[in-house]
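Asks: My questions all concern the structure below.
The values are calculated or read from the model by the stated rules, or taken from the named source; none is laboratory data. Everything numeric in this text was worked out from a predicted model, so none of it was measured. No Cβ is skipped: glycine too gets one built from the backbone with ideal geometry, and neighbour counts run over all protein chains shown.
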Amino acid sequence: MCEHCGCAATPNVVHVSDAKGTVSAKAADAVSVELVTGILHENDHAAAHNREHFERHGVLAINVMSSPGSGKTSLLEATIDAIGDKHRIAVIEGDLETENDAKRIRAKGVPAVQITTGSACHLDAHMVHDALHALDLDAVDILFIENVGNLVCPASFDLGQHANVTLLAVTEGDDKPAKYPVMFRASDLVLLSKADLLDVLDDFSPDRAADCVRALANPAEIVPVSARRAETLHPWTAWLDERLAACRNGEALRPRNVQSPAGLVAAE
Amino acid sequence: MVLAVGPLSGVEPSLLSRAFRLARASTIAENAELEIEHTPAVVWCDTCGVETEAAANALSCGRCGAWKVTLKAGNELMLKRVDLVPAEEPIVATAG
Ligand SMILES: [Zn+2]
C-alpha cells in the first residue's frame, strides 16, 4: 500500500512527490495522479519573476506583437520621438536574425537589447529575463518588448508584461482577428498601423476589424495610428500614460490572457 | 498521460501528438502514451447568465449573441492526469 495516501500502489511504482493533486489507485498495479497543471508552468513561473522585477523598479512593460512588416519598429521610433523627452524608454527586440531593429532604436538614443531567436518564432520569459540583465531598469519608465513578427505563437507565452499591444496594418486583411483568434483575444489594445493609407485602400474597414475583435469577447480599444503622422499617436501615448500612472500607483496590471486563466476556472 | 487542450490554447493537438512520439523515443518514457482531451470553448454570458459552447473565433453568447462574455474554458493546455504503470522489472528511481 502507498504510504502517501493509502492507495493500492505496488512498491515498484515511482511516486510523484510534488503532485499537488489527489493521488488515487486506478488498478491494482497502476496509480492515477490527478494533476491539473499548466504545461506552460515553467514559462509562467519565469514570467511572474520578470513581472516582479518590473514592478520593483516601477517599469511599465508592454509586449508589442504583429505579423512581420506591420510596422512595429517604425511605431516605436515614432513613439520615442513623441514621448522620449517625457519618459525614459527602453526596448527589447526579438528577431530570428540581425541587430537591425535594435540599431534603429539605439539611433534614437534609447537603450535596446536585441534577442536573436535563431529559428524560434516567439520570445519566451527566459529569453526576456536574460535580456533584462543588459538593462538598467532603474533608468527605465516604459519597456517595450517587440516580439518576433508572428501572429501565432507569441500569444501563448507570457513574458511578464503588463499589457499586450497588437498591430494590425491596414494593408493586411481586416478579418485577421477572426483568423488569429488566440492573438487578438489576448490583445489589450489593437493599433491599426499605417492608417495614413486608409484613404487609398478601399478594402480595409476599421469597423469590420472591430467587429472581429468583439466576436472574440474582447473589449480592447481599436486605434488607428500612423508612424508618419505624429498627430495620430496621441490616443496611443495617452493610453501608455494612463498605464504608467496605474503601474506607479501600485496597481497590478496584467495582460488579458494572464488575468483570466480560464482553464483553471473550468477545472475547479 | 492525459492532457486537456482547448481550441484557444494555441496548440494543435495532432502536431503535439506527433512531436510526443519523437520526444519519447529512447527515453525512460518511450512506452508512454499521450491521450489528448479536446475541450470546447465555453463562454458565460454577462447579460443572460448562461453558459454556451462557442467557436474559437466567434465567442459571443450562443443564446443572445452578446459579445460581453467571460471565457470559462477553451484556452487550457493542461496536464490532467498521469497513470503510472509499474515496469516488468522494478525501476530504481533516482531523485531529481
Ligand atoms: Zn446571452
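Asks: Which ones in the range B:25-84 are facing another protein chain (nearest Cβ under 10 Å), of a type in the set (Ser, Thr, Tyr) and within 16 Å of the ligand (Cβ to nearest atom)?
Replies: B:Ser60, B:Thr70
Asks: Against the definition (buried (at least 20 other Cβ atoms within 10 Å of the Cβ), within 13 Å of another protein chain (Cβ to nearest Cβ) and in contact with a helix residue (DSSP H, G or I) (Cβ under 6 Å, 6 or more places away or on another chain)), how does A:Ala227 come out, yes or no?
Replies: For A:Ala227, the condition - buried (at least 20 other Cβ atoms within 10 Å of the Cβ), within 13 Å of another protein chain (Cβ to nearest Cβ) and in contact with a helix residue (DSSP H, G or I) (Cβ under 6 Å, 6 or more places away or on another chain) - is not met.
Asks: Of A:Asp85, A:Asp130, A:Asp44, which residue is in contact (Cβ under 8 Å) with a residue 24 or more places away in the chain and either under 14 Å from A:Ile142 (Cβ atoms) or under 19 Å from the mean Cα position of the chain (by Cα) (or both)?
Replies: The match here is A:Asp44.
Asks: Would it be correct to say that A:Leu216 is part of a helix (DSSP H, G or I), modelled with pLDDT of 95 or more and among the hydrophobic types (A, V, I, L, M, F, W, C)?
Replies: No, not satisfied.
Quick grid of which residues meet (1) assigned to a helix (DSSP H, G or I); (2) within 23 Å of A:Val36 (Cβ to Cβ):
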site	(1), (2)
B:Leu3	no, yes
B:Gly10	no, yes
B:Arg21	yes, no
B:Ile28	no, no
B:Asn31	no, no
B:Val43	no, yes
B:Cys61	no, no
B:Lys80	no, yes
